[in-house]
Structures are given as C-alpha cells and as structure tokens.
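Accompanying notes for the structure given below.
Rule-based calculations on the coordinates, nothing more; no lab input. Keep in mind the model is a prediction, meaning the values are calculated, not measured. All Cβ positions, even for glycine, are placed from backbone atoms using ideal geometry, and neighbour counts span all protein chains on display.
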Amino acid sequence: MKSKQRTEDQCYEYFLWDIPDQSISDQSIPDQSIPAQSIPDQSIPDQSIPDQSIPDQSIPDQSIPDQSIPDQSIPDGKLLVIAQTICNQYKPTKETTCSAAFYPYSDLRNTIRIENCLTKIRISDILRTAPETIIEYLIEILLAKALRRRPQQHWMDKFNEYIHSPNVEEQHALIRRSRKRKILTSPQGKHYDLQEVFCRINQKYFSGKLPQPELSWSPKRSRRQLGYHEESLNLIVISQNLDRKRVPEFVVDYIMYHELLHIDIRPTSRNGRRIVHSKEFNQQERKFEQYKDALRWLKESL
C-alpha cells in the first residue's frame with residue numbers, strides 16, 4: 001500500500017486498494033478509459049436474443065459454470081458505465097478519467113488505482129455473472145477505501161454475503177484450481193518430514209480420520225506466515241523457517257495441528273462474513289497438548 005500527498009496535478013491522493021489484501025500486478029490495464037464528461041451510450045446488448053454463445057473461446061477446464069451465457073454476464077461496456085457513474089458521484093475537484101475491466105485473477109481479487117486524475121479499476125472475472133447491484137457495492141467499497149472514507153456497512157454485508165454464497169464459492173474454487181500456480185517442494189525437509197508430522201497429529205488428535213492433503217514446505221523462509229491451508233487445492237504448506245534443528249518438534253506439530261483444524265472445522269458465516277477462526281475453532285486449538293509452550297516459543301524465539 002502506497003500513498004503520497006495531494007498536488008495541484010492530482011484529483012485524489014494516490015492509493016492502491018485490494019480486496020482481498022494483495023497488491024495490484026504491474027501489468028497494464030487495457031485502455032478503456034473515457035472522459036468523465038463524455039460517456040458514450042453503452043447500453044446492455046439485447047438480452048432477448050436466444051442462445052448465441054461464442055464457440056471456442058472458453059479455455060478448457062478454466063471456465064466458470066454458466067459464464068458463457070451472454071444474458072447472465074455483465075458486458076465490459078456496462079461495467080465501465082457503472083464505474084464511471086459511481087466515480088462521478090464523488091465530485092472530484094478536476095475532470096477525471098475512469099477505466100474499468102474484468103480481469104482473470106486467480107482469486108476474488110479486486111483492485112483500484114487512483115493517480116493523476118486517472119482511476120483504474122479491475123474486477124475479478126469471477127464476478128462477471130454477479131448482479132449489477134453487487135458490482136455497484138464493490139466499486140463503492142473500493143472508492144471509499146481508496147479515498148480513506150468508511151464504506152457503508154450495508155455495502156460490505158451484501159457483498160460478503162454474495163461472495164460467500166455456495167454457488168460463488170464453488171465457482172471460486174474451480175477457478176483457483178485451474179489458475180492458481182503454487183511452487184511446491186517435497187514434504188521431506190532437512191530436519192522434519194511433514195508426512196510423519198501429519199500422521200502423528202492425525203492419529204493423536206483426530207483418531208486418524210482426516211484424509212491426507214498435499215503437504216509441502218514453503219519455497220521461502222517466511223516468518224509472517226508459518227503455515228496455511230488452501231482448501232481449493234487440498235494443500236497444506238508449512239514455512240520452511242520451521243525446518244530447522246533448533247525448532248522444537250512440538251512447535252512444528254502445533255502448526256500442523258492448526259492447519260488440520262481448518263480441514264476438520266468448516267468456516268462459519270455471520271452477518272454475511274466468513275469466519276475461519278470461530279469460537280469452536282479456538283476452543284479446539286487450545287486442546288493441543290503444548291499449546292501455551294508453542295505460542296511462547298514462537299513469540300520469544302522466532
């Protein structure tokens with residue numbers, strides 16, 4: 001996240017906002033910008049035309065169900081009109097230009113960049129089939145955050161409720177499996193074998209009932225993210241930073257136990273928000289035999 005002070009040549013502070021929190025790529029956005037004061041008539045194509053799906057344009061094993069049906073998708077031109085209309089409501093001090101496009105991210109990432117009177121918005125193409133109101137809420141959220149304003153809770157609730165609906169989560173999982181590229185290593189590390197760690201924790205805490213996911217040490221020694229569970233890829237990755245002689249076995253076991261809990265305890269939803277560390281999750285996590293010792297070691301020694 002970057003920012004710099006307002007100048008005479010700027011309409012807004014430069015700001016990069018991303019949902020979820022991942023920075024925008026350096027790839028340029030196709031030039032679809034139009035001046036705010038001269039929006040051409042870009043009405044939605046006639047949706048009454050029967051089944052005219054375009055053949056041979058879908059990528060094998062990467063398409064989202066029903067996404068090829070024109071009358072269920074938001075055209076790029078319509079997205080641009082929606083974005084431009086909402087941008088104009090924020091009453092910039094100078095004339096601005098807005099561009100908006102669907103982009104084939106590997107997840108539900110949505111980004112905005114505002115710099116030098118140019119607003120660039122990228123929306124995950126997973127949301128191409130979303131209702132227009134959801135797209136409007138999303139753009140409102142992006143703009144509010146970019147301008148350091150608090151988005152309305154109603155927008156947040158409705159957007160979160162939609163993206164965590166079963167149908168959208170299924171589409172999201174399909175896309176992640178087909179597009180996500182993970183650099184994986186062997187579960188066998190220099191000092192610890194994740195295969196052995198999994199079997200030990202699975203038998204001790206889960207009665208051996210959990211199916212084994214794909215296991216991997218991270219490509220780099222991360223100190224901030226010690227482990228994660230990627231549901232769509234059925235994958236658990238543990239930070240290579242723990243594959244050291246000085247790291248106690250119970251610390252590696254604790255990280256594995258935490259990630260396996262994500263498999264055993266499904267996320268819950270409250271007020272449209274997805275909760276992965278629920279009350280039940282936290283209670284189960286404390287049942288790890290050396291829970292306090294593991295947290296203390298991580299805090300003091302890593």
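Mind ranking 78-84, 275-281 by how tightly packed they are, going by the mean number of other C-beta atoms within 10 angstrom, highest first? List each step's numbers first, then the result.
Values: 78-84: 21.3, 275-281: 13.6.
The packing order, highest mean first, is 78-84, 275-281.
Note the count of lysine pairs whose C-alpha atoms are less than 18 angstrom apart in segment 160-258, limited to pairs 8 or more residues apart or on different chains. Each step should come with its number before you reach the end.
Details: 180/220; 182/220; 190/220; 190/245; 220/245.
Final tally of qualifying lysine pairs is 5.
Based on other C-beta atoms within 10 Å, arrange 192, 254, 228 from fewest to most. Mind dumping the intermediate values first?
Working: 192 22, 254 25, 228 16.
Listed from fewest to most nearby Cβ atoms, that is 228, 192, 254.
Under the classification rounded if a/c is under 1.5, otherwise prolate if a/b is larger than b/c and oblate if not, where does segment 71-179 fall, given a ≥ b ≥ c as square roots of the Cα gyration tensor eigenvalues? Intermediate values should be presented prior to the final figure.
Details: a/c = 1.94, a/b = 1.60, b/c = 1.21.
Verdict is prolate for segment 71-179.
Each label point is 7 Å from the Cα along the Cα-to-Cβ direction; what then is the distance between the points at residue 302 and residue 270, in nm?
2.6 nm
How would you classify segment 205-302 from its alpha-carbon gyration tensor, with a ≥ b ≥ c the square roots of the eigenvalues: rounded for a/c under 1.5, else prolate if a/b is greater than b/c, otherwise oblate?
Working: a/c = 1.60, a/b = 1.36, b/c = 1.17.
Here segment 205-302 falls in the prolate category.
Neighbouring Cβ atoms within 10 Å as the yardstick, rank 156, 256 fewest first.
Details: 156 19, 256 23.
Final ranking by Cβ density, sparse to dense: 156, 256.
Which value, in Å³ per residue, describes the convex hull spanned by the Cα atoms of segment 130-284? Intermediate results must be reported in sequence, preceding the final value.
Details: hull volume 23.1 nm³, N = 155.
Dividing the Cα hull volume of segment 130-284 by its residue count gives 149 Å³.
For each of 262, 191, count neighbouring Cβ atoms within 10 Å of the residue's Cβ, then give the residues from fewest to most.
Working: 262 19, 191 12.
The order, fewest Cβ neighbours first, is 191, 262.
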